[in-house]
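Some notes on the structure that comes next.
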Amino acid sequence: MRSPLTNPFQPGSDVVPDVWAGRVEQLADWRDVVRPRRHAGLYETGRTILGEPGTGKSSLVRRIARDAAEGGDWVTPQLRIPAGADPLKIVASAVLRLADKAGLLATSRQRVLDVLSRVEQIAVSGFSVAVRGEAGPEPFTALFDLLVELGQAAIAQNTVVLIHIDEVQNITDEAALSQLLIALGDALSHQVEVTAPGGVLVERHLPLAVYLTGLPDFEDMAGARKGATFARRFRTITLAALDEADLLQALQPFVFDGWATPDGNGGLESVQMSSGAARAVVALCCGEPFLFQLAGQRAWNAGSASTISQEEVVAGWRGAQGEASAHVERILNRLPAREHEFLDAMAALPPADRTLTKIAAQMGMTSATKVGPFSQRLDTVRGIIDRGKPYSFRNRAVEAYLTTDWPRVD
Ligand SMILES: Nc1ncnc2c1ncn2[C@@H]1O[C@H](COP(=O)(O)OP(=O)(O)O)[C@@H](O)[C@H]1O
Ligand SMILES: [Mg+2]
């Protein structure tokens, strides 16, 4: 039955939406590279997944974590770091819970008990107290030691540990960030001796994987502070808009067989979408995952017939225009003034004229080299533009907002 109660679209944050689109490469990176390599004891860096708000960073890693947990891996929940919070405390508590799951809390080995009590202290009193309170080893060493014990237990039980830390840009305390990154980075590169078949001792890495997710600002923070060590231990992936083809494919179940929903009498009933409606959703959302869910949700709620029509997509979107604008404004208003001006200047030029020199002139700058750094950041750090010949927008919602009447529809 098509009703708000059975609506499968989820325009919120921090969900794994039922209507999933794309991100095939990133899912395969976990399935075919990160997990198998770490499981086999080979080195593989952590992953830092960055992107503008609403690009689906949290959803992506939540999905990876969900699939991993279903397969028996030891997975932390999404560890969101609120602004100004103590990341070490949050991560220490989560790792302790995994240690419990691994059976480490029941150990009688003194070494492990010592490590546990040191990490418990961090989990309770946090980084600053642990650092300033007593002279002794730095808190990150306790977290590192526990990760090694956990990793050993994972080897014994033939599983993989996955740690997901979200909103990493909120870690503004330099010392805490550095301690956290060192603990995680050292654990990723640590090697232990195991007995291979035939009784020979070999070295292997721990079956431990780390995903950090957050806003692109993190790149500057971590890059500047942790330098080469951080770059060697974490690989950055910038998430950008979804392809139209991926979005259309995500809606194919609606167009072909229909989306199964409860009919209210214990049976199932399917809700269809006309192919025109599917194309309209894809066109309106401009590749933004959040707007895709929003357009789908509103179209579903715009009627009650068993087929979602193109008119319903448009009618639903009209009620969502304010939210769609707010979404793009959230991206634009977070930008430093010069980057925002750069986008405005780029949008004001006809597509064929979007070269660095002409954009600089449009901004009233005499030389292209002055604006080079802004354009570089908008491309590599934020994924909003593409510095091809000519420059173009990768974020199609930003482009539509700056160059057309979008999100208004007639
Ligand atoms: N691969 C995807 N396919 C479809 N919708 C997605 C996808 N990833 C995220 N979304 C939707 O986008 C919205 C924002 O996702 P979220 O992960 O919270 O973004 P971020 O963490 O980057 O701010 C959510 O409504 C979610 O349902
Ligand atoms: Mg998020």
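Kindly evaluate Gly185 against the criterion of being open to solvent by 50 Å² or more (accessible area, probe 1.4 Å) and of a type in the set (Gly, Ala, Ser). Break it down stepwise before answering.
Numbers: open to solvent by 50 Å² or more (accessible area, probe 1.4 Å): no; of a type in the set (Gly, Ala, Ser): yes.
It is false that Gly185 is open to solvent by 50 Å² or more (accessible area, probe 1.4 Å) and of a type in the set (Gly, Ala, Ser).
Restricting attention to segment 59-77, which residues are open to solvent by 40 Å² or more (accessible area, probe 1.4 Å) and closer than 29 Å to Glu174 by Cβ?
Arg62, Pro77
Considering only segment 188-216, state which residues are crowded, with 21+ Cβ neighbours inside 10 Å and within 16 Å of ligand 2 (Cβ to nearest atom).
Tyr211, Leu212, Thr213, Gly214, Pro216
With segment 178-277 as the region, which strands (runs of 3 or more DSSP E) entirely inside it contain at least 3 residues that are out of contact with any Lys or Arg (no Cβ under 8 Å at 6 or more places or on another chain) and assigned by TED's automatic domain parsing to the domain that holds Gln78? Steps first, please.
Numbers: elements: 191-195, 201-205, 208-214, 234-238, 259-262, 268-273.
Because the criterion is at least 3 residues that are out of contact with any Lys or Arg (no Cβ under 8 Å at 6 or more places or on another chain) and assigned by TED's automatic domain parsing to the domain that holds Gln78, the strands (runs of 3 or more DSSP E) in segment 178-277 that meet it are 201-205.
Say whether the condition of being within 16 Å of ligand 1 (Cβ to nearest atom) and closer than 20 Å to Gln169 by Cβ is met by at least one residue in segment 91-102. Don't jump to the end; show me each part of the working.
First, the residues of segment 91-102 that are within 16 Å of ligand 1 (Cβ to nearest atom): none.
So far as segment 91-102 goes, no, none of its residues is within 16 Å of ligand 1 (Cβ to nearest atom) and closer than 20 Å to Gln169 by Cβ.
For segment 49-64: of the residues being hydroxyl-bearing (Ser, Thr, Tyr) and part of a helix (DSSP H, G or I), which is nearest to ligand 2 (Cβ to nearest atom)? Walk me through how you get there before you give the answer.
Let us first name the residues in segment 49-64 that are hydroxyl-bearing (Ser, Thr, Tyr), namely 55, 58-59.
In the following step, the residues that additionally are part of a helix (DSSP H, G or I) were identified as 58-59.
Details: Ser58: 3, Ser59: 8 Å.
My answer is Ser58.
Please specify each residue of segment 1-28 satisfying the condition of being crowded, with 17+ Cβ neighbours inside 10 Å and more than 10 Å from ligand 1 (Cβ to nearest atom).
Arg2, Asn7, Pro8
What are the pairs with Cβ atoms under 9 angstrom where one residue, in segment 92-115, is assigned by TED's automatic domain parsing to the domain that holds Glu149 and the other, located anywhere, is crowded, with 16+ Cβ neighbours inside 10 Å and assigned to a loop (DSSP other than H, G, I, E, B)? Sequence gap at least six, or different chains.
Here the result reads Ala94/Thr76; Val95/Thr76; Arg97/Thr76; Leu98/Thr76; Ala102/Thr159; Leu113/Thr107, each pair linking segment 92-115 to a residue that is crowded, with 16+ Cβ neighbours inside 10 Å and assigned to a loop (DSSP other than H, G, I, E, B).
Checking Gly84 against (1) in contact with a Ser or Thr (Cβ under 9 Å, 6 or more places away or on another chain); (2) at pLDDT 90 or above; (3) open to solvent by 40 Å² or more (accessible area, probe 1.4 Å): exactly one of these is not met. Which one?
(2)
Do we have Gly22 as away from ligand 2 (no atom under 16 Å from the Cβ), in a loop (DSSP other than H, G, I, E, B), under 25 Å from Cys286 (Cβ atoms) and among the small types (Gly, Ala, Ser) here?
Working: away from ligand 2 (no atom under 16 Å from the Cβ): yes; in a loop (DSSP other than H, G, I, E, B): yes; under 25 Å from Cys286 (Cβ atoms): yes; among the small types (Gly, Ala, Ser): yes.
Yes; evaluated as a whole, the condition is true for this residue.
Exactly one condition in (1) at pLDDT 95 or above; (2) within 23 Å of Arg394 (Cβ to Cβ) is false for Gly51; which is it?
Evaluating Gly51 over (1) at pLDDT 95 or above; (2) within 23 Å of Arg394 (Cβ to Cβ) leaves (1) as the failure.
Does any residue of segment 91-107 turn out to be buried (at least 20 other Cβ atoms within 10 Å of the Cβ) and among the charged types (D, E, K, R)?
no
So which residues in segment 27-47 are over 16 Å from Gly71 (Cβ atoms) and either part of a loop (DSSP other than H, G, I, E, B) or not assigned by TED's automatic domain parsing to the domain that holds Gln191 (or both), if there are any at all?
Gly41, Leu42, Tyr43, Glu44, Thr45
Filter segment 29-57 down to residues that are within 15 Å of ligand 1 (Cβ to nearest atom) and of a type in the set (Gly, Ala, Ser) and give me whichever is surrounded by the most Cβ atoms within 10 Å (Cβ to Cβ).
In this case the residue turns out to be Gly56.
Of all the residues that make up segment 68-78, how many are within 15 Å of ligand 1 (Cβ to nearest atom) and at pLDDT 95 or above?
0
The values are calculated or read from the model by the stated rules, or taken from the named source; none is laboratory data. Predicted, not measured: the structure shown is a model, and the values here were computed from it. Neighbour counts are summed over all protein chains in view; Cβ atoms, including those assigned to glycine, are modelled from backbone coordinates with ideal geometry. Ligands, DNA and RNA are stripped out before the accessible areas are found, and what is left, the full protein with its side chains, is counted by its heavy atoms. Shrake-Rupley method; radii C 1.70, N 1.55, O 1.52, S 1.80 Å.
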